[in-house]
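S.K.: My structure is below; once you've seen it, I'll send some questions.
Here, each number is a calculation from the coordinates, and none is a lab measurement. Computed from a predicted model, the values in this text were never measured in an experiment. So basically every Cβ, Gly included, is an ideal-geometry build from the backbone, and we count neighbours across all protein chains shown.
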Amino acid sequence: MNRKIFTTAIFLLAAISFAQKSSLTIPLNIQKAIDKGTRTLEGTPGPNYWQNRAEYKIKAELVPQTRTLTGTEEITYYNNSPDTLKQIVIKILMDIYRRGNTIDFEIDTKALTDGVKSSGIFVDGKEYKTDGTSSKLRREGTNLFLTLEKPIVPKSKAQIKCDWNFIIPNTSQIRMGAYDSTTFFVAYWFPQVAVYDDIDGWDVVNYTGQVETYNDFSNYDVELTVPKNFLVWATGVLINPREVLSTEVYKKYKNAYDSQEIVRIVDEKDYQKGLVTADEEKLTYKFKAENVMDFAFATSDHYLWDGSSLVVDEKTGRRTFIDAAYNKASKDFYGVAEIARKAIESFSTQIPGVPYPYPEMTVFNGVGGMEFPMMVNDSSVPELQGTVHLTSHEISHTYFPFFMGINERKYAWMDEGWATMLPFDFQTANAPGYDPRTRNAQGLSEFAGNEQDIPPMVLSYELRGASYRTASYRRPGAAYEFLRQTLGEDLFKKCLHEYMNNWNSKHPVPFDFFFSFNNTAGQNLNWFFKPWFFETKYPDLSLSADKRKDGVSISISNKGGLPVPIKIKFYYDDGTDAVVYDKTSDEWKTGNVGITTVIPSKKNVIKAELGNTQIPDVNRNDNVVEFK
């Protein structure tokens, strides 16, 4: 590169960085991180970026009759930060059901308990009593605060040991629970070290049910003990299948691991024959998972099980095992393993176009729709459209938040928005008659511009109801899709891949996303980011038009101020119609609030229509002009 070109490139990057900093208000805690060199104005991790991690060794036993889970764990916690940690925060998310704790939803009082019970927590051999007698341990909400007698110095590690037990709810199940007397999906189930990061220090936001979670990337070595004939599905890879499965089921399981076709690993006939597991009163399933943000599991003694494998990375030949576990009464789930397989193939090769990053994915037939590393917990739904939507939406969360390490408590839109938008193409192609873009646009139009329409940059745990739903799903889902259209497929994917390459297995915040896209695109996109994510702008275009001898003079007013695409369709007196004006959101990047132009037409125009069902608009009554 010659000196002139090099100097120009440096000047361009500096200009973009200055524009980014000057046009978006950066909160002080994030600005401090930039100043310290853990993050940059280019949207990359800084030279001083760090993050902590842990290794978990867990042994737990589930007793279905009492719905009791009892466990012990050993945690090796690595302090990679430059700070001396004088306290440590332990998350006990199961305490959401503890009497007196705040919950975002109305729940059955029968689900309330005395919370998680433990005989004590040891940190580097020092015991911290959990019975209320220790002045160095404070239990608040879903957090335990331990004031350490021996601080954890930078670049060192601590050993944490504890035991615990709690009762799994069988009513008012929030993302997990007992769904019948012998079927359980178990999540948020073990004491976990909270995230300590370069933005806020310790994450101390209580889990109250609506916003989800935020975890470090860690390794898990987990042993789960259940009664005979109970199958277990979990985050990670089952490392002792031969020990716990019956000989016939094991053979089908191994076949599914190498099969391109769906294998019925366990069907009704297997249960009718007798055991589907080894003939022992108790079975211990052993799982290992590396570099994941959480661990969940499910178990049942009557669920059916389908599976197959898929090459997700053609360059390396790496395969992923994809399976579905379900109640025989859930008719839609007989096709879920295939839907999941097609979704993962689409995500790996199309959009986002990043090979599925983990060795497994299980779709479990539970209640609701919820994602975990390598697992999702989905209700049965009556229509194919709903099954395709729910399955692909939850699986797409593999990328956001899990691959990308999003803090969902603060920035739910950084994962829910992507999980709304990324499956659009797949859902359209695999659910006949379903238009997810229209569905999302209609949902946004219903609330946009009202008092409930809060900018996504307001922290997610401060939002409720429709405000949370709109800010986390609808608005960012539309924004990502319109940004894709604005940049074009190739440049958009280049920006997305660069962002994902820089931040996977790390903890990006919104400004890392904004700055990364600006830097990779080589342009300042803040004209788009600011109204969509920071401001109370809303989608509302209006149309006025006059016929001329040579065509139609049109004027488009952006009354709501949100940069949305512009489409105008002409209807002709011969019964035909055509889209005659088709522009992306960048028509508004200069800050103009109106556009006037003449659209020539050799045919007689009888009606002009602005917008379509995929573009949100709070008032479509001023989008049509008819000519007499």
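S.K.: Express the C-alpha Rg of the chain as a ratio against the empirical globular expectation 2.2 N^0.38 Å, rounded to two decimals. Can you show the working numbers first?
M.R.: Working: Rg = 26.6 Å, N = 628, 2.2 N^0.38 = 25.4 Å.
My calculation over the Cα atoms of the chain gives 1.05.
S.K.: Hey, rough spin-label estimate for K129 and V311, points 7 angstrom out along Cα→Cβ, what's it come to in nanometres?
M.R.: About 6.3 nm separates the two model spin labels.
S.K.: Let me ask something else about it. Give the Kirkwood hydrodynamic radius (Å, one decimal) of segment 232-299, defined as one over the mean of 1/r across all pairs of different Cα atoms. Please report the intermediate quantities before stating the final value.
M.R.: On the way: mean 1/r = 0.0758 Å⁻¹.
Across segment 232-299, the inverse of the average 1/r is 13.2 Å.
S.K.: Report, in debye and to the nearest 20, how large the dipole of the chain comes out about its Cα centre when Lys and Arg carry +1 and Asp and Glu carry -1 on their Cβ.
M.R.: On the way: 71 positive and 80 negative charges, 256 e Å.
Charge dipole, the chain, about its Cα centre: 1240 debye, nearest 20.
S.K.: For a quick protection proxy, order the peptides 251-260, 221-230, 124-133 by their average other-Cβ count within 10 Å, most packed first. Kindly include the intermediate steps, with their values, before the conclusion.
M.R.: Numbers: 251-260: 15.8, 221-230: 19.6, 124-133: 12.8.
Highest mean packing first, the order is 221-230, 251-260, 124-133.
S.K.: Divide the volume of the convex hull of the Cα atoms of segment 225-405 by its number of residues and quote the answer in cubic angstrom per residue. Spell out each step's value before the answer.
M.R.: Values: hull volume 19.4 nm³, N = 181.
Here the figure is 107 Å³ per residue.
S.K.: Shifting gears a bit: Distance in nm between label sites at A329 and L275, each 7 Å beyond Cα in the beta-carbon direction?
M.R.: About 2.9 nm, to one decimal.
S.K.: Also, I was wondering about something else. Among P616, I556, Y571, which residue has its Cα furthest toward the positive end of the charge dipole of segment 541-626, with +1 on Lys/Arg Cβ and -1 on Asp/Glu Cβ?
M.R.: In segment 541-626, that residue is I556.
S.K.: Separate question: From the cross-link list K494/K603; K150/K506; K331/K410, which pairs have alpha carbons spaced over 32 Å apart? Can you show the working numbers first?
M.R.: On the way: K494/K603 41 Å; K150/K506 28 Å; K331/K410 37 Å.
Checking Cα-Cα distances, K494/K603; K331/K410 exceed 32 Å.
S.K.: State, as an integer percentage, the relative contact order of the chain based on alpha-carbon contacts under 8 Å between residues 6 or more apart. If you can, show how the numbers build up before the last one.
M.R.: Working: 1369 pairs, mean separation 69.8, N = 628.
Over the chain, the number comes to 11 percent.
S.K.: Where q = 0.22, 0.24, 0.29, 0.31 Å⁻¹, what log10 of I(q)/I(0) comes from the Debye formula for segment 266-317, counting one point per Cα?
M.R.: Taking Cα atoms of segment 266-317 as identical point scatterers yields -1.06, -1.11, -1.21, -1.25.
S.K.: Over 18 Å, how big is the tail of the calculated P(r) for segment 390-538, in percent of all Cα pairs? Provide the component values of the computation, followed by the final result.
M.R.: On the way: 6151 of 11026 pairs.
When every Cα pair of segment 390-538 is considered, 56 percent fall beyond 18 Å.
S.K.: In whole Hz, with x marking every Gly and Pro, tabulate ³J(HN,Hα) for segment 184-195 from phi via Karplus 6.51 cos²θ - 1.76 cosθ + 1.60, θ = phi - 60°.
M.R.: Going residue by residue, I get 9, 10, 10, 9, 6, 10, 9, x, 9, 5, 5, 6 Hz, with x marking Gly and Pro.
S.K.: List every residue whose amide H lies under 5 Å from the amide H of I406, counting only residues 5 or more places away in sequence or on a different chain, with H placed 1.01 Å from N in the peptide plane.
M.R.: Under 5 Å from the amide H of I406: no residue qualifies.
S.K.: Okay, moving on. Checking the table K59/K286; K286/K328; K91/K117 against a 18 Å threshold on Cα-Cα, which pairs fail? Provide the component values of the computation, followed by the final result.
M.R.: Numbers: K59/K286 9 Å; K286/K328 26 Å; K91/K117 13 Å.
Listed pairs above 18 Å: K286/K328.
S.K.: Can you divide the C-alpha Rg of segment 53-201 by 2.2 N^0.38 Å and report the result to two decimal places? Present the calculation step by step, with values, prior to reporting the outcome.
M.R.: On the way: Rg = 16.2 Å, N = 149, 2.2 N^0.38 = 14.7 Å.
Segment 53-201 yields a ratio of 1.10.
S.K.: Also, quick follow-up: Return the percentage of antiparallel bridges among DSSP beta bridges fully within the chain, rounded to the nearest 5 %.
M.R.: Numbers: 113 of 132 bridges.
If we restrict to bridges inside the chain, about 85 percent are antiparallel.
S.K.: Right, something else. Would you pull out the residues with amide H under 5 Å of G561's amide H, same chain only if 5 or more places away, H placed 1.01 Å from N?
M.R.: Y538, D540
S.K.: From the phi angles alone, apply the Karplus equation (6.51, -1.76, 1.60; θ = phi - 60°) to segment 235-241 and give each ³J(HN,Hα) in whole Hz, x where the residue is Gly or Pro.
M.R.: Taking θ as phi minus 60°, the curve returns 4, x, 10, 6, 9, 10, x Hz for segment 235-241.
S.K.: Another question about this same structure. Nearest 20 debye, what's the magnitude of the dipole of segment 17-122 about its Cα centre given +1 on Lys and Arg Cβ and -1 on Asp and Glu Cβ? Mind dumping the intermediate values first?
M.R.: Working: 14 positive and 12 negative charges, 34 e Å.
With Lys and Arg at +1 and Asp and Glu at -1, about 160 debye.
S.K.: Which whole-Hz couplings ³J(HN,Hα) result when phi for each residue of segment 127-134 is put into the Karplus expression 6.51 cos²θ - 1.76 cosθ + 1.60, θ = phi - 60°, listed in order with x for Gly and Pro?
M.R.: 8, 10, 5, 9, 8, x, 8, 8
S.K.: Could I ask something else about it? Would you be so kind as to identify which of I395, G405, Q51 lies farthest towards the positive end of the dipole of the chain, taking Lys and Arg as +1 and Asp and Glu as -1 on Cβ and the Cα centre as origin?
M.R.: The residue sitting most towards the positive pole is Q51.
S.K.: For K607, which sequence-distant residues (separation of 5 or more, or a different chain) have an amide H within less than 5 Å of its own amide H, given hydrogens modelled in the peptide plane?
M.R.: Y571, F627
S.K.: Toward the positive end of the charge dipole of the chain, about the Cα centre and with charges on Cβ (Lys, Arg +1; Asp, Glu -1), which of L62, N170, T25 goes farthest?
M.R.: Of L62, N170, T25, it is T25.
S.K.: Please enumerate, by chain and number, the aspartates and glutamates with C-alpha under 18 Å from the C-alpha of K282, excluding those fewer than 8 residues away in the same chain.
M.R.: Answer for K282, where 18 Å is the Cα cut-off: E61, E223, E243, D301, listed by chain and number.
S.K.: While we're looking at this one, here's another question. With labels modelled as points extended 7 Å from the Cα through the Cβ direction, what inter-label distance (nm, one decimal) is found for F122 paired with S557?
M.R.: For F122 paired with S557, the spin-label model returns 7.4 nm.
S.K.: If I take R0 = 30 Å and measure r between the Cβ atoms of Y572 and E446 in this structure, what FRET efficiency does the formula 1/(1 + (r/R0)^6) give, to the nearest 0.05? Write out the running numbers ahead of the final one.
M.R.: On the way: r = 32 Å, r/R0 = 1.08.
In this case the efficiency is close to 0.40.
S.K.: Pop the C-beta distance of T72 and A429 into the FRET formula with R0 = 60 Å and round what comes out to the nearest 0.05.
M.R.: Details: r = 47 Å, r/R0 = 0.79.
Approximately 0.80, to the nearest 0.05.
S.K.: Ranked highest first by average number of other Cβ atoms within 10 Å, how do 436-442, 337-343, 460-466, 536-542 line up? Intermediate results must be reported in sequence, preceding the final value.
M.R.: Working: 436-442: 20.0, 337-343: 23.3, 460-466: 16.4, 536-542: 21.7.
The densest-packed peptide leads the list: 337-343, 536-542, 436-442, 460-466.
S.K.: Apply 1/(1 + (r/R0)^6) to the Cβ-Cβ distance of Q485 and K288, taking R0 = 51 Å, and write down the FRET efficiency to the nearest 0.05.
M.R.: Working: r = 42 Å, r/R0 = 0.82.
Efficiency at R0 = 51 Å is approximately 0.75.
S.K.: Ok, one more. Debye calculation, C-alpha points only, no solvent: report log10 I(q)/I(0) for segment 169-248 at q = 0.12, 0.18, 0.23 Å⁻¹, in the same order as the q values.
M.R.: Evaluating at q = 0.12, 0.18, 0.23 Å⁻¹ gives log10 I(q)/I(0) of -0.53, -0.99, -1.26.
S.K.: Here is a further query. Report the charge-dipole magnitude of segment 225-405 in Debye, nearest 20, computed about the Cα centre from +1 at each Lys and Arg Cβ and -1 at each Asp and Glu Cβ. Can you show the working numbers first?
M.R.: Details: 18 positive and 25 negative charges, 69 e Å.
Rounded to the nearest 20 debye, it is 340 debye.
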